[in-house]
Amino acid sequence: MLRTSIQLLIAAFSLSTLSGCVTTSMVKKPEVNSVKTIAVVSVYSNTGVKNTSGESETSKISGMAGMVGLTGNNSKAGDSTAGKLLDFGGTRLVEHAKGELERELARVKGWKVVDATQFVDKESYQTFATKMDDTIREEQGVMRKISGPAFVTVPRMAAMPYGLKADERAKVLKQLASDLGVDAVAVLKLEMAYSPSTSIGGNGTAAAAISSNLEIVNKEGGTAVLGSLSQIRSADTVGMMGGSIIFSEKTEKIFKQAISKTAEIYTDKINKDI
């Protein structure tokens, strides 16, 4: 009798756990039902590229590069070879992410994606971008002079402040969707990192490992999609020494692989549950 009771309890627990997995979805209904047109309004990432297994010279150097204006939005084409190594792709990775997310979301059944080039120079969008940047500057305070910019963003596009509460975010994004004349707006935050594939004493190979958060808010201020992905890895790898990697064409390629895969997974999940 005791054994039967335990078995029943285990079965019930397993069923509830399975049910939780099945019912847990990044797609929120009925909020998603009104979405037909969508604009990707914010794609941004961290400035320092980290080793998921611990601190590395890559993380330290890319962080220092942010402080001296060699990385992300502050990097310039034509910089020295050293500068190009330090900038870790400038804004090309977040630009790639924006393009891939726009392309992938266009695969969602019944959705039409409005390309950012159609709205990024509009006064309403630039007002939004300026407000978000000012808020981030206030959040950083004097730390901005010490640590450099908080995020790498697509040129002329916004990042979302850390301290913006859920209801405030919803209000801001609701207004932006209305201003842009779309049913919903999408925000993608990326965490750029790399993860050892084969490693002995920090020497070997590493794959790009992208973690992310995707938020889609409709023009009524409702959350239509909210989800995250952890450490989506690239198919290819690059060499690693002492736990560090250097930026090169191959390094850029593996990060773009992981970013593209991230956008594809989000769309597949949305299509499955919409």
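Using Cβ point charges alone (K and R +1, D and E -1), the dipole size of the stretch 117-209 about the Cα centre works out to roughly 160 debye.
Accessible surface for the stretch 98-225, divided over its residues, is 46 Å² per residue with a 1.4 Å probe. With the convex hull of the Cα atoms taken as the outline of the stretch 140-274, the averaged projected area works out to 10.6 nm².
If the segment from Ser228 to Lys272 were pulled out straight at 0.36 nm per residue, it would be longer than the present Cα-Cα gap by 14.3 nm.
Take the Cα of Thr24, step 7 Å toward its Cβ, do the same at Glu168, and the gap between the two points is 2.8 nm. Surface composition of the stretch 148-193: carbon and sulfur make up 51 percent of the accessible area, probe 1.4 Å. Length available on full extension from Met241 to Ser197: 0.36 nm per residue minus the Cα-Cα distance, which gives 14.6 nm.
Only residues of the stretch 193-219 count here: report those whose backbone N is under 19 Å from the spot 7 Å along Cα→Cβ of Ser53, or say none. Label zone hits: 193-211. Summing Lys and Arg as +1 and Asp and Glu as -1 over all other residues whose Cβ lies under 9 Å from the Cβ of Gln257 gives a net charge of +3.
If you roll a 1.4 Å probe over the stretch 233-274 with all protein chains in place, what percent of the accessible area is carbon or sulfur? Provide the component values of the computation, followed by the final result.
On the way: 1080 of 2050 Å².
Solvent-exposed carbon and sulfur of the stretch 233-274 make up 53 percent of the total.
Less than 14 Å from a label point 7 Å out along the Cα-to-Cβ axis of Lys253: which backbone N atoms in the stretch 208-234 qualify, by residue? Label zone hits: 208, 234.
The values are calculated or read from the model by the stated rules, or taken from the named source; none is laboratory data. Computed from a predicted structure; not experimentally measured. Glycine also receives a Cβ, built like all others from the backbone with ideal geometry; neighbour counts cover every protein chain displayed. The accessibility values were calculated without ligands, DNA or RNA, using every heavy atom of the protein model including side chains. Shrake-Rupley method; radii C 1.70, N 1.55, O 1.52, S 1.80 Å.
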